[in-house]
Amino acid sequence: MERIYIGMGSNLAAPADQLRSAVQALAQLPNSRLVGVSAFYQSDSLLPGQPRYTNAVAAIDSALAPLALLDALQAIEQDQGRERHERWGPRTLDLDILLFGDQLIDEPRLKVPHYHMHARPFVLYPLAELAPASLKFADGRRLEQLLADCPFVGLERLVPSAETNQ
């Protein structure tokens, strides 16, 4: 079993409900166990003119292989109405593998640690709720260093996960 952190985001079709549904789906993954879910956060889109995003991070322990997990996450996205029209476009649900144990993965379909997570407060701060600040990534970086370099700017913390029916 590996500890895996999954970034979740939505800015269409009741985003908080989309994340709650995604958490329920993550809890049903085969050979996996949902460990925890961060609070939900709102942030502006990376592209202007889009609705604000609601983001969170989930932690699971899983025996699934990285690409099998990726396929399962993409199936959850599709089940929740995800359509892929433009990169960084609006979406009902986005599920990203942020960290997969201590593995460094460089496949055409999957890069772990997730690229640019080091510069995204909407990923780092929810991750910090679930992972120890001393967490060391496979590429040598530590969560505490990334948090120090990425201020809590543009984020609004919403209800804690305990209040999201988790």
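The values are calculated or read from the model by the stated rules, or taken from the named source; none is laboratory data. None of the values given here were measured: they were computed from a predicted structure. Glycine also receives a Cβ, built like all others from the backbone with ideal geometry; neighbour counts cover every protein chain displayed.
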Item to check | From the options PRO108, PRO113, PRO126, PRO132, residue that is under 16 Å from ILE4 (Cβ atoms) and loosely packed, with under 15 Cβ neighbours inside 10 Å | outcome: PRO132
Checklist entry - Which of the residues belonging to segment 129-149 are more than 27 Å from LEU67 (Cβ to Cβ) and touching a residue at least 40 places away in the same chain (Cβ under 8 Å)? => result GLU129
Checklist entry - Failed condition for GLU2, given (1) within 11 Å of the chain's Cα centre (by Cα); (2) surrounded by fewer than 22 Cβ atoms within 10 Å (Cβ to Cβ); (3) not hydroxyl-bearing (Ser, Thr, Tyr), with all others met? => result (1)
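Counting just the residues of segment 144-162 that are in a strand (DSSP E or B) and of a type outside the set (Asp, Glu), which one comes out farthest from SER38 (Cα to Cα)?
Taking segment 144-162 as the starting set, the residues that turn out to be in a strand (DSSP E or B) are 155-157.
With of a type outside the set (Asp, Glu) added as a condition, the list becomes 155, 157.
Details: LEU155: 14, ARG157: 10 Å.
So, considering only residues that are in a strand (DSSP E or B) and of a type outside the set (Asp, Glu), the one farthest from SER38 (Cα to Cα) is LEU155.
Is it the case that segment 58-74 has a residue that's without any contact (Cβ under 8 Å) to a residue 12 or more places away in the chain, of a type in the set (A, V, I, L, M, F, W, C) and under 19 Å from GLN24 (Cβ atoms)? If you could, list the steps in order and put the result at the bottom.
Here is the first cut: in segment 58-74, the residues without any contact (Cβ under 8 Å) to a residue 12 or more places away in the chain are 65, 68, 71.
Pick out the ones that are also of a type in the set (A, V, I, L, M, F, W, C) and you get 65, 68.
With the extra rule that they be under 19 Å from GLN24 (Cβ atoms), the set shrinks to none.
Looking through segment 58-74, none of the residues is without any contact (Cβ under 8 Å) to a residue 12 or more places away in the chain, of a type in the set (A, V, I, L, M, F, W, C) and under 19 Å from GLN24 (Cβ atoms).
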Checklist outcome for this item: Flagged in segment 106-143 as assigned to a loop (DSSP other than H, G, I, E, B) and among the aliphatic types (A, V, I, L, M), in numbering order, are LEU110, ALA131, ALA133, LEU135, ALA138
Next on the checklist: Cβ-Cβ distance below 7 Å, separation of 6 or more or different chains: which pairs start in segment 21-46 with a residue that is more than 30 Å from ALA65 (Cβ to Cβ) and of a type in the set (Asp, Glu) and end on one that is modelled with pLDDT under 95 and assigned to a loop (DSSP other than H, G, I, E, B)?
Outcome noted: ASP44/ARG52; ASP44/GLY154
